[in-house]
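Written out below as structure tokens is the structure these notes cover.
The values are calculated or read from the model by the stated rules, or taken from the named source; none is laboratory data. This is a predicted model, so every value here is computed, not measured. All Cβ positions, glycine included, derive from the backbone under ideal geometry; neighbour counts span all protein chains shown. Just so you know, the surface numbers come from the protein's heavy atoms only, side chains and all, with ligands and any DNA or RNA stripped out. Shrake-Rupley method; radii C 1.70, N 1.55, O 1.52, S 1.80 Å.
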Amino acid sequence: MSPVHGYHASQNGNTRTQETVVFEIGEDSDFLRLLDRPRPVSVEKKRSFDEGSFSELSSIGSPCRRSSFLGSPRLNYESHPVVSDAWETLRRSVVHFRGQPVGTLAAVDHSVEELNYDQVFVRDFVPSALAFLMNGEEEIVKNFILKTLRLQSLEKIVDQFKLGEGVMPASFKVLHDPVRNFETITADFGESAIGRVAPVDSGFWWIILLRAYTKSTGDTSVSEMPECQNGIRLILDLCLSEGFDTFPTLLCADGCCMIDRRMGVYGYPIEIQALFFMALRCALVLLKQDNCGKEFVKRITDRLHALSYHMRSYFWLDLKQLNDIYRYKTEEYSHTAVNKFNVMPDSLPYWVFDFMPSRGGYFIGNVSPARMDFRWFCLGNCVAILSSLATPEQASAIMDLIESRWEELVGEMPLKICYPAFESHEWRIVTGCDPKNTRWSYHNGGSWPVLLWLLTAACIKTGRPQIARRAIELAESRLSKDGWPEYYDGKLGRFMGKQARKYQTWSIAGYLVAKMMLEDPSHLGMIALEEDEQMKPLIKRSASWTS
């Protein structure tokens, strides 16, 4: 592979700044030869589920299925018009590079300006990858993993500043030169993104997907490649580096994750902390126990213990904890301080007292000095359940909250990305008057169908598939008819998003993954992790966990 960089010169002709990054893969690449390697076969899956335990599900292996890419769905869904439409639309989004499928476009909506929706996003491709894996179509997932790994190794410069070596791209685009009849790939590491923020979550999603691919196929040859092992270590090096921070959580800028615009998630957002935790646990499984691997295993284990304690202790909120914060004293000093972050009780928002049910709880959006963001964020809480960052009692409490606050969090279209929305003066300050993030729209309390697969996975793991069934039925009543929108607006999600793209790929894939997972719950094993006995909390925070 030889990187090709696009530059422009400054006025004095001395400074050169990178605009695009292009890479080419030779025909003799080791990555391409991997396609022909054999894979081991594991045992057959169960086909039904009601209230079974996750441990029973995860002990069931996935069969190695040799179907050709772009084949028909393996499950008996042909008679279901919504599923049939979803598969057909998903396949139209597939991107090829030199004859091989390498990902899916963010959206295939030609009625509006494409912007970067004509690219393959790392985070967006994850539900597509899971859908293909569940249908026995492994080639596209392997190709995606290897292509993005090659992009990671490139030098990344934004306005003359070099990014960390392990940063994964937010997205990439396949470009075809009709004159040379040659294809190249350009990558975006944040230099073209809205707000010019590098994605923190891409590397975590890449590790999680690598583990899902390995778990689903039984093929360890990809993860054991020296290049993959090095890629994992580079990502870990970035986020395990020691510095001035006194917290085990990961400090991040606004716009670094799925909420990729200014929405007040700077600091220690729950989404990044949950993905960080999950990626660390996946890396423990994937890393080889050689000299380099053992060193990282120790660093990961130490961080996981500190991170799990911090998140379970300080990010968790239920009725008892809310009342404790309400009665906090301030200006406390020393290790005996109860109010460790000097949070002012008067900063408690009025809505949280009505939102918190007597049974239930959730991980709040952010905790940092003198600041607690009490908003509910769906992705972070669902990933906390799937990664076992949430204890079984906490996971059950999160499900209790969703059931108790169904109208607020689900409404007429699953699922609120966050709750509640910023309004009026607060919206102006926090979002910078962002017209796309007006109240109950887009990232500001909008409803995102892609979150359906995360909710379904969390429901199955906690033994509550009936919640997922109810949400899927709501989605089925509208998604296909509406043209698979990116998001919905309004308190209940009644209106198609004002600026939402139609035929949004992860809306389609999220529905398919939810549907297939509910049909065959053993699929959960590729994306969920059981509780680590060594990280069980010593103290339970409140009675609502066990009531």
- prompt: When Lys and Arg each count +1 and Asp and Glu each count -1, what net charge do the other residues less than 13 Å away from GLU165, Cβ to Cβ, add up to?
  reply: +1
query: Roughly speaking, what is the centre-to-centre gap between the stretch 252-326 and the stretch 392-432 when only Cα atoms are used, to the nearest Å?
result: 20
task: Compute the distance in nm between two label points, each set 7 Å from the Cα along the Cα-to-Cβ direction, one at CYS433 and one at ASP324.
output: 4.3
- prompt: How do GLU533, GLU137, GLU407 rank by accessible surface area computed with a 1.4 Å probe, from largest to smallest?
  reply: GLU533, GLU407, GLU137
message: How much length would be gained if the chain were fully extended between GLU88 and PHE244, taking 0.36 nm per residue of separation minus their Cα-Cα distance, in nm to one decimal?
response: 51.1 nm
query: What percentage of the solvent-accessible surface of the stretch 341-382, computed with a 1.4 Å probe over protein heavy atoms, is contributed by carbon and sulfur atoms?
result: 57
- prompt: Taking 0.36 nm per intervening residue step and subtracting the Cα-Cα distance, what contour gain separates TYR309 from ARG470 on full extension?
  reply: 54.6 nm
message: Taking all protein chains in place and a 1.4 Å probe, what share, in percent, of the accessible surface of the stretch 137-239 do carbon and sulfur account for?
response: 51
task: Ignoring everything but the protein chains, give the 1.4 Å probe accessible area of LEU236 in square angstrom, nearest 10.
output: 0
- request: Determine ³J(HN,Hα), in whole Hz, for all residues of the stretch 427-437 in sequence, where each value follows from phi through the Karplus function 6.51 cos²θ - 1.76 cosθ + 1.60 and θ = phi - 60°; x replaces Gly and Pro.
  value: 4, 4, 6, 6, 8, x, 6, 5, x, 7, 9
field: Inter-site label distance for PHE182 and GLU331 at 7 Å from Cα along Cβ, in nm
entry: 7.0
- line: In the neighbourhood of PRO345 defined by beta carbon distances under 12 Å, the net charge of the other residues (Lys, Arg +1; Asp, Glu -1) is 0
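Percentage of Cα-Cα pair distances in the stretch 78-526 greater than 27 Å, rounded to whole percent? Provide the component values of the computation, followed by the final result.
Numbers: 52311 of 100576 pairs.
Counting pairs separated by more than 27 Å, the tail of P(r) holds 52 percent.
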- line: Once MET344 and GLU393 are pulled to full extension, the length gained, defined as 0.36 nm per residue separation minus their Cα-Cα distance, is 14.8 nm
task: Measure up LYS142/LYS294; LYS340/LYS461; LYS215/LYS481; LYS162/LYS298; LYS298/LYS320 against 31 Å on the Cα-Cα distance and list the ones that go over.
output: LYS340/LYS461; LYS215/LYS481; LYS298/LYS320
message: Counting only other residues whose beta carbon sits under 14 Å from that of MET413, what net charge do I get with K and R as +1, D and E as -1?
response: -2
- prompt: Roughly how many debye, to the nearest 20, is the charge dipole of the stretch 173-264 about its Cα centre, given +1 on each Lys and Arg Cβ, -1 on each Asp and Glu Cβ, and no other charges?
  reply: 220
task: Would you mind getting the accessible area per residue of the stretch 78-526, heavy atoms of the protein chains only, 1.4 Å probe, in Å²?
output: 36
message: Through the Karplus equation 6.51 cos²θ - 1.76 cosθ + 1.60, θ set to phi - 60°, convert the phi angles of the stretch 209-218 into ³J(HN,Hα) values in whole Hz; use x for Gly and Pro.
response: 5, 4, 5, 5, 4, 5, 5, 6, 9, x
- line: Packing-ranked peptide list from 483-493, 243-253, highest mean Cβ count within 10 angstrom first, is 483-493, 243-253
field: Whole-Hz couplings from phi, Karplus 6.51/-1.76/1.60, listed for the stretch 170-183; x for Gly and Pro
entry: 5, 7, 9, 9, 8, 10, 10, 9, x, 6, 7, 6, 9, 10
message: 5 Å is the cut-off here: which amide hydrogens, built 1.01 Å from N in the peptide plane, fall below it relative to VAL222, excluding neighbours closer than 5 in sequence?
response: none
